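Structure provided below as structure tokens; questions to follow.
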Amino acid sequence: MNGDPKPGVESIKEHLRIYPLAQATNPPKTNFINVSGKAFNTIHATDFNYYEEVNQVVQEEPNEAMDPETLGLLASIGIEKGKPFEPDERMKKILTESAAVGQATVRALTYCSRLKEAPLFPDSAWESPFIGGSYEFLRNGVRLLDARSFFFFYATGITPAMAAKMVGTGSQYAAAFVDANKQPLDGGKNYKLHLPPNIPAKNFWSVVVYDDQTRSMLQTDVPFPSIGSQKKGIAINSDTSVDVYFGPTAPAGKESNWVQTIPGTSWNTILRLYGPLQPWFDKTWRPGEIAEVK
């Protein structure tokens, strides 16, 4: 209701039930745990342990949950339902090396994309995570594999609405991994981002900072390393434009519009527009580049 998540939360708590099918005749109470503000790990392994995580899923889920092609690939490296995953020394060495190569490859695809459709604007660092405009990463029946790898290394879940272009509803996303000079964003340096007047968001907008290594929100002195139109006390210029500052310490007098970064840690950011308006879609409104401030 008017962007208030409370009714949705209450509805889920009232109606959602999760239990084994064997308990369907007498389902237990579903226990909901509030993890807001708590530290927990949501990052999948990128070393050999990744294969052990995949094996756990294969063992716990029915084969029908995956397609035969994927199951065949997994079987070729010893991951099959009902069988122990016990690679010998030779295979474990191969899988360990393949995980390292795979991680390096997908990091390059994400943080230094060469996909021509990635940039949202000419000569800009702002990129779309939904390359091809399809939440399935399909074009004319062809799977855009590099684009899909980019997204799912960077993010976790996806819905059709996230990629759909709907003026005034839903959301739109722009990610930046480098500064105005195409250099990686450095947590020890200071930067400024100018958002021009009339930011095209019907509901609200936000800028969130993420850690390149973990792909989670950057761990700073505050729980949420972000800024947006819903933040109390944010300074808005007389022409409705907004200046956002990034760096280890806040510039004097700019504390209300500052997002902390951590020296020695590279970072990236996502600009989100909720209820995106037509100037975003026709690209008559464009966010400024993230420029280093000396």
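The values are calculated or read from the model by the stated rules, or taken from the named source; none is laboratory data. Treat the numbers as computed from the prediction; the structure is a model and nothing was measured. No Cβ is skipped: glycine too gets one built from the backbone with ideal geometry, and neighbour counts run over all protein chains shown. These area figures cover heavy atoms from the full protein model, side chains too; ligands, DNA and RNA do not enter into them. Shrake-Rupley method; radii C 1.70, N 1.55, O 1.52, S 1.80 Å.
Could you give every pair whose Cβ atoms fall below 9 Å, whose first residue belongs to the range 144-168 and is more than 12 Å from residue 133 (Cβ to Cβ) and open to solvent by 30 Å² or more (accessible area, probe 1.4 Å), and whose second residue is outside any helix (DSSP H, G or I) and acidic (Asp, Glu), counting only separations of at least 6 or pairs across chains?
148/136; 158/136
Report, by residue number, each residue of the range 64-83 that is among the charged types (D, E, K, R) and either assigned to a helix (DSSP H, G or I) or farther than 13 Å from residue 51 by Cβ (or both).
Residues satisfying the conditions are 64, 67, 69, 81, 83.
Residue by residue, here is whether (1) under 16 Å from residue 176 (Cα atoms); (2) touching a Leu at 6+ places or on another chain (Cβ under 9 Å); (3) not in a helix (DSSP H, G or I) holds:
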{"residue": "202", "(1), (2), (3)": "no, yes, yes"}
{"residue": "222", "(1), (2), (3)": "no, no, yes"}
{"residue": "233", "(1), (2), (3)": "no, no, yes"}
{"residue": "237", "(1), (2), (3)": "no, no, yes"}
{"residue": "240", "(1), (2), (3)": "no, no, yes"}
{"residue": "259", "(1), (2), (3)": "yes, yes, yes"}
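Another one. Quick one: which residue in 152, 121 is under 29 Å from residue 212 (Cβ atoms), in a helix (DSSP H, G or I), of a type in the set (Phe, Trp, Tyr) and within 26 Å of the chain's Cα centre (by Cα)?
So the residue among 152, 121 that is under 29 Å from residue 212 (Cβ atoms), in a helix (DSSP H, G or I), of a type in the set (Phe, Trp, Tyr) and within 26 Å of the chain's Cα centre (by Cα) is 152.
Can you say whether residue 97 is out of contact with any Gly (no Cβ under 8 Å at 6 or more places or on another chain), in a helix (DSSP H, G or I) and open to solvent by 70 Å² or more (accessible area, probe 1.4 Å), as far as the supplied structure shows?
Judged against the criteria, residue 97 is a match.
Residue-wise test of (1) at positive phi; (2) charged (D, E, K, R); (3) open to solvent by 40 Å² or more (accessible area, probe 1.4 Å).
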position: 242; (1), (2), (3): no, no, no
position: 247; (1), (2), (3): yes, no, no
position: 261; (1), (2), (3): no, no, no
position: 265; (1), (2), (3): no, no, no
position: 268; (1), (2), (3): no, no, no
position: 283; (1), (2), (3): yes, yes, yes
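Continuing with the same structure: Of 115, 109, which residue is among the aliphatic types (A, V, I, L, M) and in a loop (DSSP other than H, G, I, E, B)?
So the residue among 115, 109 that is among the aliphatic types (A, V, I, L, M) and in a loop (DSSP other than H, G, I, E, B) is 115.
Results for (1) under 28 Å from residue 42 (Cα atoms); (2) of a type outside the set (Gly, Ala, Ser); (3) at pLDDT below 95; (4) open to solvent by less than 80 Å² (accessible area, probe 1.4 Å), shown as yes or no for each residue.
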site: 188; (1), (2), (3), (4): yes, no, no, yes
site: 192; (1), (2), (3), (4): no, yes, no, yes
site: 197; (1), (2), (3), (4): no, yes, no, yes
site: 200; (1), (2), (3), (4): no, yes, no, yes
site: 206; (1), (2), (3), (4): yes, no, no, yes
site: 209; (1), (2), (3), (4): yes, yes, no, yes
site: 219; (1), (2), (3), (4): yes, yes, yes, no
site: 222; (1), (2), (3), (4): yes, yes, yes, yes
site: 227; (1), (2), (3), (4): yes, yes, no, yes
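Got a sec? Which of 53, 86 is more than 25 Å from the chain's Cα centre (by Cα) and at pLDDT 95 or above?
Just one listed residue meets the conditions, 86.
Every residue, every condition in (1) touching a Ser or Thr at 6+ places or on another chain (Cβ under 6 Å); (2) among the polar types (S, T, N, Q); (3) under 29 Å from residue 220 (Cα atoms), yes or no:
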residue: 5; (1), (2), (3): no, no, yes
residue: 17; (1), (2), (3): yes, no, no
residue: 38; (1), (2), (3): no, no, yes
residue: 47; (1), (2), (3): no, no, yes
residue: 63; (1), (2), (3): no, yes, no
residue: 68; (1), (2), (3): no, no, no
residue: 81; (1), (2), (3): no, no, no
residue: 88; (1), (2), (3): no, no, no
residue: 98; (1), (2), (3): no, yes, no
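In the range 125-143, which residue that is of a type in the set (A, V, I, L, M) and crowded, with 18+ Cβ neighbours inside 10 Å is modelled with the highest pLDDT?
Checking each candidate, the answer is 125.
Now, a different point. Here's a check for you: in the range 3-19, which residue that is among the β-branched types (Val, Ile, Thr) and under 13 Å from residue 33 (Cα atoms) is nearest to the chain's Cα centre (by Cα)?
9
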